[in-house]
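Contents: one structure, followed by commentary.
The values are calculated or read from the model by the stated rules, or taken from the named source; none is laboratory data. Not measured: the values here are computed from a predicted model. Glycine also receives a Cβ, built like all others from the backbone with ideal geometry; neighbour counts cover every protein chain displayed.
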Amino acid sequence: MAPASTLASVNGTTPFHVDGVLYPNEMHIALAAFDAAVASLREMTDGDLVYARDRLAEYISSHALLGEVDADRLRDGALRFLTRGGMCGVVGTG
């Protein structure tokens, strides 16, 4: 049975949060994904860094609230989101 904070989607496979809250374990996963994504960024101006971090946080938090609990998928998706948003030169390859 799903935790009280989640509700099954129409097809019953992807939980999403009804109350908009990430619980401690979910926050830990989201933070690990965010830290790993930020570590993948190349050097950039302060303004670009703020923008990039905001976009990474936006993606990771929204997908974590949709039920994604894999830090690697959150990180990779956030970096793809950032790249598609026109910041392809800021993501490192290593």
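Which members of segment 35-61 meet the condition of being of a type outside the set (D, E, K, R) and either touching a residue at least 40 places away in the same chain (Cβ under 8 Å) or at positive phi (or both)? Explain how you work it out, then say what you get.
Start the filter on segment 35-61 by keeping residues that are of a type outside the set (D, E, K, R), which leaves 36-41, 44-45, 47, 49-52, 56-57, 59-61.
Hits for segment 35-61 are Ala37, Ser40, Leu41, Met44.
What residue, among those in segment 13-48 that are closer than 16 Å to Phe81 by Cβ and of a type in the set (A, V, I, L, M), is modelled with the lowest pLDDT?
The initial filter retains those residues of segment 13-48 that are closer than 16 Å to Phe81 by Cβ, namely 30, 33-34, 36-38, 40-41, 48.
Filter once more, keeping what is of a type in the set (A, V, I, L, M): 30, 33, 36-38, 41.
On the way: Ala30: 95, Ala33: 96, Ala36: 94, Ala37: 93, Val38: 92, Leu41: 86.
Restricting to residues being closer than 16 Å to Phe81 by Cβ and of a type in the set (A, V, I, L, M), the top hit is Leu41.
In segment 62-80, how many are in contact with a helix residue (DSSP H, G or I) (Cβ under 7 Å, 6 or more places away or on another chain) and touching a residue at least 12 places away in the same chain (Cβ under 8 Å)?
Of the residues in segment 62-80, the ones in contact with a helix residue (DSSP H, G or I) (Cβ under 7 Å, 6 or more places away or on another chain) are 63-64, 68-69, 71, 74-75, 77-79.
In the following step, the residues that additionally are touching a residue at least 12 places away in the same chain (Cβ under 8 Å) were identified as 63-64, 69, 71, 74-75, 77-79.
Adding up the residues that qualify gives 9.
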